[in-house]
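Have a look at the structure below before the remarks.
The values are calculated or read from the model by the stated rules, or taken from the named source; none is laboratory data. In this text, all values refer to a predicted model and were calculated from it rather than measured experimentally. Backbone-built Cβ (ideal geometry, glycine too); neighbour counts: all protein chains shown. Only protein heavy atoms, including side chains, enter the accessible area calculation; ligands, DNA and RNA are left aside. Shrake-Rupley method; radii C 1.70, N 1.55, O 1.52, S 1.80 Å.
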Amino acid sequence: MTPQRLVCALVEALGSLRVRTIADILRTFNAQNALATRYKAFYNRLARPEFPVFVRQVYLDVLRKLSQSVLRAESPEHFGYFSDIVVQDGSSFAVHDALAETFGGRFSTNRPAAVELHTFISVFHDQVLNTQLAPDKHAERDFLPAPGDLTGKLLLADRGYPSLEYFQQVIDADGYFLMRAKADLNPKVVCVRGPGGRLPRFEGYRLQDVLRWLPRRRLDLVVQWGRPQGRTLRLRMVLVWTPKKQFMVLVTNVTRRILSATQVAETYRLRWQIELVFKEWKSFANLHEFGSANPALVEGLIWASLCAAALKRSLAHASQRVGRRVAISTHVAAMCGAHILRDLLRCALEGFHDLEIILEEIVHFLSNNAARAHPQRDRIKGRLRFGLEYVGVSA
């Protein structure tokens with residue numbers, strides 16, 4: 001068993017087949033290499049502590065070397081002001097109960113063991129930038145990207161992440177954020193603007209004192225918090241009245257000159273892109289509870305699942321740029337593992353002979369079978385509505 005053979009077997013099995021046991025991966029390994037490796041020998045290699053370290057490095061190499069820009073701003077306005085739009089969130093799932101000491105879960109009574117994948121993605125690259133694996137019981141806020149990594153970028157994140165200290169650090173690093181906050185925040189209201197103009201009667205009060213009296217529509221506020229040593233933190237808060245008859249609270253340091261209140265609310269919808277990544281992992285890359293009590297084996301298989309998903313997404317992006325200049329659906333491409341991975345991985349095992357031919361076949365297949373069904377609908381209703389365009393795609 002060589003590292004190259006192991007990676008190829010893991011990626012093909014997890015990226016194109018339904019994997020429930022280690023034996024499913026072993027069968028792929030033996031088929032690829034015309035071998036008759038026994039289960040015990042194969043399992044012992046995967047159960048070593050070095051296995052997850054190695055596969056994680058392969059995953060990071062795939063992200064670093066195969067990622068490319070697939071979306072860009074059409075003009076310097078709005079999204080063109082940012083070098084990238086990035087999203088942070090986490091996805092968790094249960095693992096074998098015997099792993100509770102290594103991977104403690106939040107719900108210790110029902111499922112005592114669980115892991116969470118804290119993930120950082122780029123909207124412009126439509127790809128993961130980094131993933132951290134941790135016990136599910138750890139706080140999400142601990143895995144936020146370093147403020148220095150956000151210079152010139154706009155960070156989108158959900159309710160588990162906001163922190164006044166982190167906000168200030170991002171501002172100091174010349175970065176931007178747009179985060180959903182809990183409705184119980186209680187800063188001082190400095191300014192309130194509605195669709196009809198300024199609403200001074202609500203200004204000067206604490207938010208919770210006037211929240212129930214605010215008009216049930218989209219509002220643009222300037223709010224302020226007191227900080228240690230007599231300092232203050234002044235931010236923008238956009239309130240959006242939802243069908244659930246409550247306000248969705250969005251906090252940002254992006255000015256009205258760059259994004260209006262309506263655009264802030266719609267920009268936050270781009271956070272859904274990370275949920276699509278999580279769906280690909282769990283639906284089309286076999287990211288699920290692996291029935292093993294060996295922590296090294298479980299962690300290694302998790303990283304291998306992410307490798308398979310990242311490779312399929314990169315192939316979709318490459319096909320979009322060099323194929324028939326049509327937008328490729330990464331969701332459909334994720335479903336096509338059986339059609340695009342087998343020959344590519346066997347090519348890798350044979351010294352990459354005929355690689356150009358194999359890649360041309362993959363591009364041709366995805367261009368004809370994974371093109372977005374409604375690219376114009378994306379422009380009107382989806383992530384392109386504020387002037388984003390696909391790179392390498394004809395208008």
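Numbers below:
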{"quantity": "Sole residue being within 30 Å of ARG180 (Cα to Cα), of a type in the set (A, V, I, L, M, F, W, C), buried (at least 22 other Cβ atoms within 10 Å of the Cβ) and at pLDDT 95 or above, chosen from ALA333, ALA310, ALA304", "calculated": "ALA310"}
{"quantity": "Residue within the range 283-295 that is assigned to a helix (DSSP H, G or I) and open to solvent by less than 10 Å² (accessible area, probe 1.4 Å) present", "calculated": "no"}
{"quantity": "Flag for PHE79 being in contact (Cβ under 8 Å) with a residue 40 or more places away in the chain, of a type outside the set (S, T, N, Q) and in contact with a helix residue (DSSP H, G or I) (Cβ under 7 Å, 6 or more places away or on another chain)", "calculated": "no"}
{"quantity": "Residues that are over 17 Å from PHE82 (Cβ atoms) and open to solvent by less than 10 Å² (accessible area, probe 1.4 Å), drawn from the range 144-166", "calculated": "TYR161"}
{"quantity": "Counted residues, the range 172-203 - those being closer than 20 Å to ARG271 by Cβ and under 23 Å from the mean Cα position of the chain (by Cα)", "calculated": "8"}
{"quantity": "Subset of the range 170-190 (residues that are open to solvent by less than 30 Å² (accessible area, probe 1.4 Å), among the β-branched types (Val, Ile, Thr) and touching a residue at least 40 places away in the same chain (Cβ under 8 Å))", "calculated": "VAL170"}
{"quantity": "Selection count where residues are part of a helix (DSSP H, G or I) and open to solvent by less than 70 Å² (accessible area, probe 1.4 Å), scope the range 336-364", "calculated": "14"}
{"quantity": "Qualifying residue in the range 262-278 (condition: open to solvent by 50 Å² or more (accessible area, probe 1.4 Å), out of contact with any Asp or Glu (no Cβ under 7 Å at 6 or more places or on another chain) and among the hydroxyl-bearing types (Ser, Thr, Tyr))", "calculated": "yes"}
{"quantity": "Residue that is within 17 Å of the chain's Cα centre (by Cα) and small (Gly, Ala, Ser), where the choices are SER67, SER83, SER75", "calculated": "SER67"}
{"quantity": "Which listed residue, of GLY105, GLY90, GLY80, is over 21 Å from TRP281 (Cα atoms) and either buried (at least 18 other Cβ atoms within 10 Å of the Cβ) or not aliphatic (A, V, I, L, M) (or both)", "calculated": "GLY80"}
{"quantity": "Residue among ARG20, ARG56 that alone is outside any helix (DSSP H, G or I), in contact with a Gly (Cβ under 9 Å, 6 or more places away or on another chain) and within 25 Å of PHE284 (Cβ to Cβ)", "calculated": "ARG20"}
{"quantity": "Residues satisfying the stated conditions in the range 54-68, i.e. open to solvent by less than 40 Å² (accessible area, probe 1.4 Å) and polar (S, T, N, Q)", "calculated": "SER67"}
{"quantity": "Check on ARG27, in a loop (DSSP other than H, G, I, E, B) and among the charged types (D, E, K, R)", "calculated": "no"}
{"quantity": "Qualifying positions in the range 318-330 - part of a helix (DSSP H, G or I) and surrounded by fewer than 23 Cβ atoms within 10 Å (Cβ to Cβ)", "calculated": "ALA318, ARG321, VAL322"}
{"quantity": "Inter-residue pairs, beta-carbon under 9 Å, first part of a helix (DSSP H, G or I) and in the range 147-169, second among the β-branched types (Val, Ile, Thr), 6+ apart", "calculated": "PRO147/VAL170; PRO147/ILE171; ASP149/VAL86; LEU150/VAL86; LEU150/VAL170; PHE167/VAL251"}
{"quantity": "Count - residues of the range 93-102 that are open to solvent by 50 Å² or more (accessible area, probe 1.4 Å), in contact (Cβ under 8 Å) with a residue 24 or more places away in the chain and either among the charged types (D, E, K, R) or part of a loop (DSSP other than H, G, I, E, B) (or both)", "calculated": "2"}
{"quantity": "Residues being without any contact (Cβ under 8 Å) to a residue 40 or more places away in the chain, buried (at least 19 other Cβ atoms within 10 Å of the Cβ) and either among the hydrophobic types (A, V, I, L, M, F, W, C) or not in a strand (DSSP E or B) (or both) - total across the range 113-135", "calculated": "3"}
{"quantity": "Among residues of the range 210-259, those that are of a type outside the set (S, T, N, Q) and open to solvent by 70 Å² or more (accessible area, probe 1.4 Å), counted", "calculated": "15"}
{"quantity": "Among (1) open to solvent by less than 30 Å² (accessible area, probe 1.4 Å); (2) within 24 Å of ASN130 (Cβ to Cβ); (3) charged (D, E, K, R), the one test that GLU50 misses", "calculated": "(1)"}
{"quantity": "Only listed residue being among the acidic types (Asp, Glu), modelled with pLDDT of 95 or more and not in a helix (DSSP H, G or I), chosen from ASP89, ASP61", "calculated": "ASP89"}
{"quantity": "Tally of residues being basic (Lys, Arg) and out of contact with any strand residue (DSSP E or B) (no Cβ under 7 Å at 6 or more places or on another chain) across the range 229-255", "calculated": "3"}
